[in-house]
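The next block holds one structure in the form of structure tokens; read it before the comments.
Values quoted throughout were computed directly from the atomic coordinates according to the rules given, and no laboratory measurement underlies them. What you see is a predicted model; the values in this text were computed from it and never measured. Cβ placement follows ideal geometry from the backbone for every residue including glycine, while neighbour counts extend to all protein chains displayed.
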Amino acid sequence: MFSELKFPVPWGHVAAKAWGPSEGHPVLCLHGWLDNANTFDKLIPLLPRGCYYVAMDFSGHGLSSHRPAGCPYHFLDYVTDVRRVAAALQWRRFTLMGHSMGGAVAGMFCFLYPEMVDKLILLESLGFLLAPEDTEAWLKSKRRVIDRLLSLEAKQQTPKARSPEAALQRLLEANSHLTAEGGAILLQRGATETPAGLVYNRDMRARTQSREFFTVEQCVKLLQKIQDRVLIIISQDGLLVPHNLPSRNHFVKALQEAFESNLKEHIQLAEVPGSHFVHLNEPEVVSGIISNFLTAQNTRARL
């Protein structure tokens, strides 16, 4: 069983769902890009019951309010969402668990507020968004954010309504790593029923978020600021394996080596069978590893 939560923000609210006793050890769960809090629906019931898990919807996602008109979605705004929710919950120190983009948000939060995080769990994420190697590519990515925002404003399109079957099919086409069951779970929180059909809840502007990129050198310096223990879970058929990142393979390898050399005993790196959404598609594959990590004290947890 879970409960729904709402945290007031100046433009509306940030929505979340919670499992477990509110007095338990706090764990804040962060979903991936264009997903929502339901991404943890199948995983959390398999984790230690003594923890209090709060899975939030980032602004413009799930049941959270969209940002005000004219505002783009900056990566740092998602980090601010986390700080707002932590303040509303009056959490001074807690565990962060993030999937994909949520992992990058969790990583940035750790760099900015290292004293607030006791453990960091990254699912299919290395805690950073990979930087374009070419300066022109970096400039184009920034220009694209502005152009797409202005284009969306000029079109003023109303969200398209789809039948439940078409809405699910569209979601699965855009996410080849999702199973039909996983897609249906995300759709339960990611769409609203209208007389014309299902309408996706996510803000179209969130598709063109302005990201914070880092070089390997910057990543290494930031890693030295992490005070907590880190668990990284990478799927064998996910988005961070070499054959799925041919152009950025050396970046990922260098980043993994930097994690291992800088954090040493503070880090656990686990490779598991499955896809980018292994925590949703096959949660039992990762639940044991995460449970051991959550319950371990100062000694290194065994994988």
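Using a simple charge model, +1 on the beta-carbon of Lys and Arg, -1 on the beta-carbon of Asp and Glu, nothing else, what dipole does the range 61-192 show about its Cα centre, in debye to the nearest 20?
It comes to approximately 420 debye.
When the dipole is taken about the Cα centre of the chain, and only Lys, Arg (+1) and Asp, Glu (-1) are charged at their Cβ, what size is it in debye, to the nearest 20?
With Lys and Arg at +1 and Asp and Glu at -1, about 620 debye.
Can you list the lysines whose alpha carbon sits under 21 Å from that of Lys6, skipping same-chain ones fewer than 8 residues off?
Candidates past the 8-residue exclusion: Lys17.
Normalised by the number of residues in the chain, what is the relative contact order in percent for Cα pairs under 8 Å and 6+ residues apart?
The value is 20 percent.
For the charge dipole of the chain, defined by +1 on Lys and Arg C-beta atoms and -1 on Asp and Glu C-beta atoms about the Cα centroid, which residue among Met101, Ala196, Val216 has the Cα displaced farthest towards the positive pole?
Ala196
Return the ratio Rg/(2.2 N^0.38 Å) for the chain, where Rg is computed over Cα atoms only.
Here the Cα radius of gyration is 0.97 times the empirical estimate.
Separation of the range 23-73 and the range 165-187 by C-alpha centroid, Å?
Each part reduced to its Cα centre gives a spacing of 18 Å.
Let a ≥ b ≥ c be the square roots of the eigenvalues of the Cα gyration tensor of the range 47-206; is it rounded (a/c under 1.5), or, if not, prolate (a/b larger than b/c) or oblate?
Judged from the Cα gyration tensor, the range 47-206 comes out oblate (a/c at least 1.5, b/c at or above a/b).
Shape of the range 132-245 from its Cα gyration tensor (a ≥ b ≥ c, root eigenvalues): rounded if a/c is under 1.5, otherwise prolate when a/b > b/c, or oblate?
Here the range 132-245 falls in the oblate category.
With the contact rule set at Cα under 8 Å and sequence spacing of 6 or more, what percent relative contact order holds for the range 1-57?
Worked out over the range 1-57, it gives 41 percent.
Which aspartates and glutamates have a Cα less than 19 Å from the Cα of Lys140, not counting those fewer than 8 places away in the same chain?
Glu212
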